[in-house]
Amino acid sequence: MNLKDKLIKAFQETESTLSFQKERKDSIRRLEEFGFPTVKDEEWKYTNLLPIIKNEYALSASESLISKNLLDEYILTETETNVIAFVNGEFSHELSDIDTEKITLCPLSLAEKKHSTVVQNYWGKALPEHPDSLVALNTALSKEGVFVHVPKNTVAERPIQIVYFTTNISSDLFLQTRNLVVVEENAQVQITERHQNIDQKEVFTNSVTEIFAHDNSLIDFYKIQNDKRNCSLIDNTWVKQGKNCTCTVDTFSFGGKFIRNNLSFLLEGQYSESNMRGITLIGVNQLVDHHTLVDHAVANCQSNEMYKGIFDDNAKGVFNGKVMVRPDSQKTNAFQSNNNLLLTDSASIDTKPQLEIYADDVACSHGCTVGQLDDDALFYLRSRGIPFKEAQAMLMYAFANDVLSNVKIPELKQKLNRIIAEKLGVQIDIEV
Amino acid sequence: MLKINNLKASIEGNKILTGINLDVKPGEVHAIMGPNGSGKSTLSSVIAGREEYEVEDGTIDFDGESIMDLSPEERAHKGIFLSFQYPIEIPGVSVSNFLKTSLNESRKAQGLEPMPAGDLLKMMREKMELLEIKKGFLSRSLNQGFSGGEKKRNEIFQMAMLEPKLAILDETDSGLDIDALRIVANGVNKLKSKDNATVLITHYQRLLDYIVPDFVHVLYNGRIVKSGTKDLAHELEEKGYDWIIKEAEQL
């Protein structure tokens with residue numbers, strides 16, 4: 001049985017036990033009708049999903065445990081945080097460390113019972129009316145994930161760390177994870193998220209995150225994508241913003257074999273700001289695809305987009321940045337940049353800015369570059385005694401610096417520095 | 001210390017150096033002068049090991065050993081320092097981190113432990129004072145947004161930190177106003193000792209009023225066509241290069 005049929009069958013078997021039955025039913029019909037995207041779809045032209053979906057996956061795995069020590073390798077430990085962890089798709093009490101007086105942080109399945117009004121009001125509401133098959137699939141089949149609710153006038157002092165582990169699985173696994181983040185007026189929160197497989201078996205995750213940023217809120221969301229090389233991830237994030245609020249989503253892609261990020265912002269209130277930044281540093285047989293969309297539906301908003309990619313060996317990168325400025329969205333500022341370093345002849349990047357501007361009093365810019373490391377700069381560093389590899393690494397740090405310097409959690413910045421140094425195979429202690 | 005014999009080098013098929021002979025001993029200051037395009041910067045790049053240049057013939061020995069097969073970093077570890085005519089801007093790498101990496105990589109190559117942070121900072125402060133560099137300098141991105149004078153001062157600051165045996169200063173005076181020139185020259189003079197040597201590559205005689213050379217060489221068409229004492233530099237200042245070029249072409 002192919003994956004699509006298997007998913008539909010699984011839906012039919014569990015349908016009656018799930019909430020949001022109508023939405024789920026509509027969604028599974030979309031999958032049924034349109035199937036998985038292929039390279040014939042404009043949005044998937046450079047990213048071939050076929051090798052991933054033709055694999056045989058189980059759709060769930062039995063419960064398992066991982067040790068606290070292992071958890072610590074993948075989270076920030078020196079910063080006071082709230083940790084919400086899942087193993088094989090199930091919430092893990094043992095690993096989670098939630099101490100919240102002012103905010104709500106719990107598994108989504110629990111929120112459906114305890115905070116049903118909020119969940120009812122928001123679940124699925126940031127998604128487009130006609131989502132693509134993968135978002136539809138998640139809507140139809142997702143059962144678990146994270147629920148974050150930050151009430152009005154509340155600053156969530158501790159960053160929230162979300163970790164999805166997989167381990168001890170008997171066969172390759174396809175997971176649907178779902179996050180719902182609601183940040184009320186004048187509230188603030190910082191969130192990190194990662195998906196981490198510990199097993200030799202392959203894991204394919206199709207994730208949907210909805211973020212609601214109400215008036216005057218401030219949200220920083222950091223995605224750390226450094227999974228094992230046998231993992232694939234499709235990360236769909238939909239952000240809806242009210243007035244005068246700032247939402248930032250930074251994506252750091254180092255691991256995994258196949259990553260597709262679909263990141264969309266809808267600016268519905270004036271004087272708001274959307275920031276999206278990313279560092280991609282990948283090598284042999286890896287693919288990272290960033291598809292972003294900013295919809296300036298109202299006037300006087302700003303969006304800033306900065307993606308940096310470093311591609312070694314036969315790594316493949318894709319960037320597609322769409323900015324939509326609606327006819328009445330005057331005084332829009334939209335900036336987009338995508339800079340890439342190709343370290344070898346067989347590495348590649350397909351980059352496409354896509355600006356659709358229907359208002360006439362706006363400032364929009366975009367730029368993409370593809371290049372190699374500067375020989376003059378390399379020689380300069382080497383002439384100061386810095387070995388070739390370290391010199392290369394230093395220049396790559398420098399290249400990625402604009403993105404890293406914006407990370408607001410110091411320990412996270414350090415951790416990312418370490419991951420980058422490790423990826424580059426150097427031991428240099430430079431802070432950027 | 002540095003012994004260059006019949007050095008010939010080219011880049012992308014263009015012959016730039018056509019037979020250089022140079023002998024630099026500890027404690028000496030040599031000035032290499034010459035018109036534009038004579039091969040001055042190529043010579044400094046080739047000594048420092050820039051790989052884009054192809055050495056076709058000749059030898060370069062440093063402290064009695066050939067350095068022809070050594071990478072730029074290995075030459076730096078042996079004590080060769082090149083001050084760049086156009087120092088490269090590297091955003092995101094601070095001056096202090098760059099220096100720390102540079103110094104500790106050299107120490108590592110010599111089998112030494114990294115310098116303790118406190119000692120390093122103390123050393124940086126001392127050398128900064130020498131070059132009249134302000135405090136906030138260390139945390140700035142390397143050369144980014146630096147004025148011409150700041151870039152050159154930063155080069156000599158690095159030299160002061162790395163304490164090379166042989167310093168090659170490529171057009172260190174270009175783009176400097178008179179105050180900056182005085183500070184840079186003063187720094188270079190203070191760092192001179194009987195054990196190290198300096199090669200000044202310059203277009204103008206001006207720098208040589210501040211750093212007095214023991215020998216002056218004139219480079220033309222990739223060869224040293226005339227050598228002399230500091231008086232030669234004065235003669236060049238007065239009469240230009242034409243007479244030397246004529247003399248050289250007659251030979």
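The values are calculated or read from the model by the stated rules, or taken from the named source; none is laboratory data. Predicted, not measured: the structure shown is a model, and the values here were computed from it. Glycine gets a Cβ as well: all are built from the backbone with ideal geometry, and neighbour counts include every protein chain shown. For the accessible areas, the whole protein counts, side chains as well, though only heavy atoms, and no ligand, DNA or RNA atoms are used. Shrake-Rupley method; radii C 1.70, N 1.55, O 1.52, S 1.80 Å.
Measuring only protein heavy atoms, the 1.4 Å probe finds A:LEU424 accessible over about 30 Å². The residue among A:GLN241, A:VAL183, A:LEU127 whose Cα reaches farthest toward the positive pole of the charge dipole of the protein assembly as shown, with charges on the beta-carbon of Lys, Arg, Asp and Glu, is A:VAL183. Charging the Cβ of each Asp and Glu at -1 and of each Lys and Arg at +1, and nothing else, the dipole of the protein assembly as shown about its Cα centre rounds to 520 debye.
Largest accessible area first, the listed residues A:SER207, B:SER66, A:SER16, B:SER96 line up as A:SER16, B:SER66, B:SER96, A:SER207 when surface is computed with a 1.4 Å probe on the assembled protein chains. Put simply, the amide H of A:CYS106, placed in the peptide plane, has neighbours under 5 Å in A:PHE147, leaving out anything fewer than 5 places away on its chain. Using a probe of 1.4 Å, the accessible surface attributed to A:LYS408 totals some 110 Å² when neighbouring protein chains are kept in position. For segment A:98-103, putting each phi into the Karplus relation 6.51 cos²θ - 1.76 cosθ + 1.60 with θ = phi - 60° gives couplings of 10, 10, 10, 8, 9, 10 Hz, in residue order, rounded to whole numbers and with x for Gly and Pro.
From the Cα gyration tensor of chain B, with a ≥ b ≥ c the square roots of its eigenvalues, which class applies: rounded if a/c is under 1.5, or else prolate if a/b is larger than b/c, or else oblate? Taking the square roots of the gyration eigenvalues as a ≥ b ≥ c, chain B is prolate.
Which value at 222 nm does chain B reach when only helices count, each DSSP H run of 4 or more adding -39,500 (n - 2.57), with the total divided by all residues and rounded to the nearest 500 deg cm²/dmol?
-12000 deg cm²/dmol
Positive-end ranking of A:PHE258, A:ALA315, B:VAL24 along the dipole of the protein assembly as shown, with charges on Cβ about the Cα centre, is headed by A:PHE258.
Does segment A:86-145 classify as rounded, prolate or oblate by the C-alpha gyration tensor (a ≥ b ≥ c root eigenvalues; a/c under 1.5 gives rounded; else a/b over b/c gives prolate, otherwise oblate)?
Verdict is oblate for segment A:86-145.
Rounded to the nearest 20 Debye, what is the dipole magnitude of segment B:2-250 about its Cα centre when Lys and Arg each give +1 and Asp and Glu each give -1 at the C-beta?
Computed about the Cα centre, the dipole is about 720 debye.
Ordering B:ILE183, B:THR172, B:VAL216 by the projection of their Cα atoms onto the charge dipole of segment B:2-250, which places +1 on the Cβ of Lys and Arg and -1 on the Cβ of Asp and Glu, puts B:ILE183 at the extreme positive end.
Modelled spin-label separation between A:LYS40 and B:LEU121, with each label point placed 7 Å from Cα along the Cα-to-Cβ direction: 6.6 nm. Residues A:CYS364, A:CYS245, sorted by accessible area with the largest first, give A:CYS364, A:CYS245 [1.4 Å probe; ligands and nucleic acids excluded].
To the nearest 20 debye, what charge dipole does segment A:3-269 have about its Cα centre, counting +1 at the Cβ of each Lys and Arg and -1 at the Cβ of each Asp and Glu? Don't jump to the answer; show the numbers that get you there.
Working: 29 positive and 39 negative charges, 128 e Å.
Once rounded to the nearest 20, the dipole reads 620 debye.
Taking 26 Å as the straight-line reach from the Cα of B:LYS239, the lysines in range (excluding those fewer than 8 positions away in the same chain) are B:LYS40, B:LYS226, B:LYS230.
Based on DSSP H runs of at least 4 residues, each adding -39500 (n - 2.57), what is the mean residue ellipticity at 222 nm of chain A after dividing by all its residues, to the nearest 500 deg cm²/dmol?
Values: 10 runs with 100 residues, N = 432.
One gets -7000 deg cm²/dmol as the mean residue ellipticity at 222 nm.
Sorting A:THR351, B:THR198 by accessible area puts them as A:THR351, B:THR198; the probe is 1.4 Å, largest comes first, and only protein heavy atoms count. Taking amide hydrogens as placed 1.01 Å from N in the peptide plane, the amide H of A:THR177 sits under 5 Å from those of A:ASN206, A:SER207, A:VAL208, each at least 5 positions away in sequence or on another chain. Would chain A count as rounded, prolate or oblate if I go by the C-alpha gyration tensor, calling it rounded below 1.5 in a/c and otherwise prolate when a/b exceeds b/c, oblate otherwise? Cα axes put chain A in the rounded bin. For segment B:2-250, the relative contact order comes to 28 percent (Cα pairs under 8 Å, sequence separation of at least 6). Residues whose amide H lies under 5 Å from that of B:TYR220, counting only those 5 or more places away or on a different chain, are B:VAL225; hydrogens are built 1.01 Å from N in the peptide plane.
In segment A:283-413, the portion of solvent-accessible area held by carbon and sulfur atoms comes to 47 percent [1.4 Å probe, whole percent, DNA, RNA and ligands not counted]. Taken along the Cα-to-beta-carbon direction at a fixed 7 Å, the label points for A:SER109 and A:GLU268 span 3.0 nm.
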